Amino acid sequence: MNPPEPHSDRAPGVTPEAMGSLFDAAALFYRLAPWRKTGDRAIKVECPHFDSGPWYAVVMGQGGLSHGLVLYDDLATLRRIERGGLSEEENARLTAGLAVVFGDKEDLDPADREDAARLGWEVAGPAAYPSVYRIEPGLSMRPPLAWELQLLEGCLRAVPEFARKKTRRLAPLDITVPTAGGELPLVLSWADE
């Protein structure tokens, strides 16, 4: 039997298996609820597997509204957004990054919703369906590329472990996590150190 073909609205190379593996990582992330431990601190993410980076992870959910994970491309931009004083339009012009945001099944891309049901992808609860996207400056959004999806999956698996020892963590965490694309080495540290 041949594997299911990727949907045409996904980036090239993003297979249903890769999305299913991301759903698995997202379910783990949601159950471990790292937003209870990270506070507002950004986490620096380095990955020698990819040429770009580092990225700056922000765990969403401390305020109880939206839960998720955003990987910003640039720390200076993240700091300007955190300081406030910018309009939504100015924030949109600056923001570039990858995001996983949890919501209801209806919030999912229709192709992901169909595959999640058909292929039995893991979901942690009715409000834990992961929507993934890439934000470009100007609020242009697109599906993540295959390597971006692998990076997101790796971060969903690594950030809860990093957050688990938050109060005692002084040194960076070198961790290798499984992803649909193979083992992914990551180094996580607090961005302000």
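All of the numbers you see were taken from the coordinates with simple rules; none came from a lab. The structure displayed is predicted, hence computed values, not measured ones. Every residue, glycine as well, gets a Cβ built from its backbone with ideal geometry; the counts of neighbours run over all protein chains shown.
Along the Cα→Cβ direction, 7 angstrom out, place labels at T176 and I81. What is the inter-label distance in nm?
Label at T176, label at I81, 3.2 nm between them.
Quick check: the angle from helix 110-119's long axis to the longest principal axis of the chain, C-alpha only, nearest 10 degrees?
60 degrees
Kindly put M19, M60 in sequence by how many other C-beta atoms sit within 10 Å of each C-beta, fewest to most.
M60, M19
For the pair A11 and W190, what calculated FRET efficiency results from E = 1/(1 + (r/R0)^6), where r is the Cβ-Cβ distance and R0 = 30 Å, to the nearest 0.05?
That gives a FRET efficiency of 0.45.
Segment 20-79 to segment 130-172: how many Å between their Cα centroids?
Centre-to-centre (Cα) distance: 4 Å.
At 7 Å along Cα-to-Cβ for each site, give me the label-to-label distance between E90 and E46 in nm.
It is 3.2 nm.
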